[in-house]
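Below: one structure, written as structure tokens.
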Amino acid sequence: MRFHDPRRFGSLHWTESDPAAHPLLKQLAPEPLSDAFNPEYLYRATRKRSVAIKQFIMNSQQVVGVGNIYASEALFRARVSPRRAARRLTRKDTHALAQSIKDVLREAIKIGGTTLRDYVNADGVPGYFSQKLFVYERAGAACRVCKSPVKQFVQGQRSTYWCSTCQR
Ligand code: ZN
């Protein structure tokens, strides 16, 4: 067995008991592509949370597996500013965002993920989702929808990309 993890976010563990009961897994929130992650879940989970919505959806205690690229892209598609307080999202916003998270992940998986530098899948094939990005790593370039320049700022030590015209 070979474990190749250039970004060092992964780990391998051996267990003979139920994997879902493992301390590293049992606290995890719903998977974004599961039915448990839906607009109503996102609406209820965001109530009373003043953290910015981008940081909220990247928190694995709220929903797992939404990384920096897909969080930026899903917020763009839902037309929600990454800076907005989570509790300020309306039902319409949480509906759009839950759907856009699922759409972005499904599309990215279908075309092999996002190769920005050296990412390849287990067969050594790069992913092509980078050609579909609306905002991620496009700071200063024209928004593909409104032509305004894409903006960038640092949020929770991660770069966030967004269009201040399309996203409110
Ligand atoms: Zn725009």
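Counting only chymotrypsin sites (Phe, Trp or Tyr not before Pro) that DSSP places in a loop and that have at most 12 other Cβ atoms within 10 Å, the longest clean stretch of the chain runs over 15-168.
Students often get this wrong: which residues of segment 73-116 have the backbone nitrogen under 12 Å from the point 7 angstrom along Cα-to-C-beta of S50? In segment 73-116, the label zone of S50 (backbone N under 12 Å from the point 7 Å along Cα→Cβ) covers 85-87. How large is the Rg to Rh ratio of segment 9-68 when both quantities use alpha carbon positions and Rh follows Kirkwood? Taking Rh as the inverse mean 1/r over Cα pairs, Rg/Rh reads 1.03.
If segment 124-163 were replaced by its equivalent ellipsoid, with semi-axes equal to the square roots of 5 times the Cα gyration tensor eigenvalues, what would those be, largest first, whole Å? Spell out each step's value before the answer.
Details: eigenvalues 79, 51, 7 Å².
The equivalent ellipsoid of segment 124-163 has semi-axes of 20, 16, 6 Å.
For segment 95-111, backbone phi angles converted through the Karplus equation (6.51, -1.76, 1.60; θ = phi - 60°) give residue-by-residue couplings of 5, 5, 6, 4, 5, 5, 4, 5, 4, 4, 5, 4, 5, 5, 4, 4, 9 Hz, Gly and Pro being listed as x. Highest GNM mean-square fluctuation among G113, G124, G140, for the chain modelled with Cα contacts below 10 Å: G124. Computed over the Cα atoms of segment 55-164, pair by distinct pair, the Kirkwood hydrodynamic radius stands at 14.5 angstrom. The 3J(HN,Hα) values that the Karplus relation (6.51, -1.76, 1.60; θ = phi - 60°) gives for segment 154-168 are, in residue order, 9, 9, x, 6, 10, 6, 10, 10, 6, 10, 6, 7, 7, 10, 10 Hz. Gly and Pro appear as x.
Phi angles across segment 130-139 convert, under the Karplus curve 6.51 cos²θ - 1.76 cosθ + 1.60 with θ = phi - 60°, into 3J(HN,Hα) values of 4, 6, 9, 5, 8, 10, 4, 6, 10, 3 Hz, Gly and Pro given as x. Each of H22, H95 was scored by other Cβ atoms within 10 Å of its Cβ. Listed from fewest to most, they are H22, H95. Charging the Cβ of each Asp and Glu at -1 and of each Lys and Arg at +1, and nothing else, the dipole of the chain about its Cα centre rounds to 1100 debye. Among the aspartates and glutamates, select those whose C-alpha is under 18 Å from the C-alpha of K102, and discard any that sit fewer than 8 residues away in the same chain. Answer for K102, where 18 Å is the Cα cut-off: E31, D35, E40, E73, D93, listed by chain and number.
Run through segment 34-96 and list the trypsin sites (Lys or Arg not before Pro) located in a DSSP loop whose Cβ has at most 10 other Cβ atoms within 10 Å.
Numbers: sites: R44, R47, K48, R49, K54, R77, R79, R83, R84, R87, R88, R91, K92; in loops: R47, K48, R49, R79, R83, R84.
Taking segment 34-96 and a limit of 10 other Cβ atoms within 10 Å, the loop trypsin sites (Lys or Arg not before Pro) found are R47, K48.
Listed here are the pairs K26/K132; K26/K54; K110/K147; which of them are more than 25 Å apart at the Cα? Exceeds cut-off: K26/K132; K110/K147.
Taken together, the values in this text are just the output of simple stated rules run on the coordinates, not laboratory data. Since we're looking at a predicted model, the values are computed, not measured. Positions of Cβ are backbone-derived with ideal geometry, glycine not excepted, and every protein chain shown enters the neighbour counts.
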